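Some notes on the structure that comes next.
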Amino acid sequence: MSVTAATGFVASGVHCGIRRNGRLDLALVRSLPPATGAGMFTQNRVLAAPVIVSKEHLGLAQPQAVVVNSGVANAATGERGLLDARASAAEAARVLGVDAEETLVLSTGVIGEPLPLSYVVAGIREAAQSLSPAGGTEAATAIMTTDTRTKESVAHGVGFTVGGMAKGSGMIHPLLATMLAVVTTDYPLEPGEATDFLRPAVDASFNAISVDGECSTNDTVLLLANGASGIERTPASDEQFALCVRKVCGELAKQIVADGEGATVLAEISVRRAASAPEARAIAERVASSPLVKTALYGHDANWGRIAAAAGSAKFNEGFANLDPDRLSIAIDAVPVFVAGRPTGDEPVLANGNCAIEIDLALGDGAARYLTSDLSYDYVKINGDYRT
């Protein structure tokens with residue numbers, strides 16, 4: 001019930017014919033009371049048609065409904081792709097009784113294939129008939145591609161709820177990733193306010209994960225708020241709401257990395273005492289996206305040398321992030337392996353599916369956190385067979 005956990009939201013997931021073997025492949029989410037909202041999108045220059053159309057619609061109206069299809073990304077599809085995305089929004093608006101500009105469209109799947117519009121239109125009509133407060137899990141299932149499990153999260157404040165669903169498994173890297181996320185809440189927001197709560201939550205979650213260093217064409221995170229809880233807002237409730245949004249986004253982001261294509265290890269990279277927070281983030285991202293670090297994780301090899309080398313090559317502001325090797329310390333699963341520029345000789349045993357890598361620069365008070373996964377044989381197989 002994640003995306004429908006908040007009062008006033010309904011959803012459904014149906015099989016419209018895009019995916020094989022009867023898999024659910026179209027989701028519909030709607031707020032019954034009038035909602036307001038915001039979105040954040042990929043910064044890839046190759047923007048998918050649904051991203052272009054949804055950005056246009058958010059500039060014209062407040063979002064009331066979201067239609068999502070899996071199997072076809074509707075990216076690099078030219079004018080036809082834009083027409084298909086707009087037609088999908090228009091059909092959803094028609095059957096739901098809202099304006100086309102109040103409907104957002106999301107797509108995920110293979111790039112370059114045209115959207116089978118007749119299937120999508122029929123699916124939208126079927127999905128509209130089965131909208132329900134209990135339809136959240138079906139909707140979360142319908143947006144999956146190479147995901148092996150649904151990604152859902154709920155957080156409760158005093159008198160309000162925040163819920164969300166996401167998909168993502170491969171092509172995961174900021175800014176945003178091959179991921180879609182819809183977050184809903186019955187907390188009251190005024191038009192234009194949603195971005196102020198969504199942006200910091202996304203920066204701390206979806207923009208701080210990496211599976212394979214690839215940035216997609218379709219990445220979208222949406223936040224819809226309908227105020228159906230009826231609570232009275234206060235500065236304290238705003239602060240609690242911000243924490244709930246951040247918690248939901250953080251949990252969804254963690255589930256994405258844990259379900260990374262072929263992943264067997266979830267690793268958290270923590271950088272502290274960097275010269276600045278942006279430099280800490282640059283170092284954390286470099287380590288998290290290093291193929292050598294990620295393959296070492298797959299082999300359960302505590303190869304701190306790869307971590308140090310990746311940290312020392314982090315780019316920042318036309319140069320490199322500040323790092324003094326004589327001050328650098330690294331710990332793996334709380335075992336110091338490199339302290340103040342010298343190896344300790346200790347060797348942690350990476351025996352489970354989680355790993356904590358701590359990097360101490362001893363240069364300032366900058367800090368950052370990043371999530372990543374290992375790089376396995378199965379990742380190559382999954383992506384080698386993706387279209388065949």
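Residue check: is Ala356 open to solvent by less than 80 Å² (accessible area, probe 1.4 Å), in a strand (DSSP E or B), free of Cβ contacts under 8 Å to residues at least 60 places away in the same chain and out of contact with any helix residue (DSSP H, G or I) (no Cβ under 8 Å at 6 or more places or on another chain)?
Answer is no for this residue.
Asp238 is checked against (1) at pLDDT 95 or above; (2) in a loop (DSSP other than H, G, I, E, B); (3) surrounded by fewer than 24 Cβ atoms within 10 Å (Cβ to Cβ) and fails just one. What number does that condition carry?
For Asp238, the exception is condition (2).
Being open to solvent by 10 Å² or more (accessible area, probe 1.4 Å), part of a helix (DSSP H, G or I) and free of Cβ contacts under 8 Å to residues at least 40 places away in the same chain is the filter here, so list the residues in the range 64-110 that pass it.
Matches in the range 64-110: Gly78, Glu79, Arg80, Leu82, Leu83, Asp84, Arg86, Ala87, Ala90, Glu91, Arg94, Val95.
Restricting attention to the range 6-38, and to residues there that are touching a His at 6+ places or on another chain (Cβ under 9 Å) and open to solvent by less than 30 Å² (accessible area, probe 1.4 Å), which single residue is nearest to Val182 (Cα to Cα)?
Leu26
How do the pairs read when you match residues in the range 231-251 that are among the charged types (D, E, K, R) with residues anywhere that are part of a helix (DSSP H, G or I) and surrounded by fewer than 20 Cβ atoms within 10 Å (Cβ to Cβ), using Cβ under 8 Å and keeping only pairs 6 or more apart or on different chains?
From residues that are among the charged types (D, E, K, R), the pairs are Arg246/Pro200; Arg246/Ala204.
So, in the range 139-159, how many residues would count as being under 25 Å from Leu243 (Cα atoms), within 14 Å of the chain's Cα centre (by Cα) and in contact (Cβ under 8 Å) with a residue 40 or more places away in the chain?
Qualifying residue count for the region: 4.
Considering only the range 66-119, state which residues are within 20 Å of Gly168 (Cβ to Cβ) and among the charged types (D, E, K, R).
Correct list: Glu113 only.
Name the pairs whose Cβ atoms lie under 6 Å apart, with the first residue in the range 189-217 and aromatic (Phe, Trp, Tyr), the second surrounded by fewer than 24 Cβ atoms within 10 Å (Cβ to Cβ) and at pLDDT 95 or above, and 6 or more positions between them or separate chains?
Phe197/Ala242
Closer than 30 Å to Ala73 by Cβ and buried (at least 22 other Cβ atoms within 10 Å of the Cβ): is that true of Glu279 in this structure?
So Glu279 does not fit the description; no.
Residues checked against (1) within 22 Å of Asp333 (Cα to Cα); (2) open to solvent by 20 Å² or more (accessible area, probe 1.4 Å):
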{"position": "Ile209", "(1), (2)": "yes, no"}
{"position": "Leu224", "(1), (2)": "no, no"}
{"position": "Glu232", "(1), (2)": "no, yes"}
{"position": "Cys244", "(1), (2)": "no, no"}
{"position": "Thr264", "(1), (2)": "yes, yes"}
{"position": "Glu268", "(1), (2)": "yes, yes"}
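The values are calculated or read from the model by the stated rules, or taken from the named source; none is laboratory data. Note that the coordinates shown come from a computational prediction; the quantities given were computed from them, not determined experimentally. As a convention, Cβ positions derive from the backbone with ideal geometry for all residues, glycine included, and neighbour counts pool all protein chains shown. In case anyone asks, the SASA skips ligands and DNA or RNA and just uses the protein heavy atoms, side chains included. Shrake-Rupley method; radii C 1.70, N 1.55, O 1.52, S 1.80 Å.
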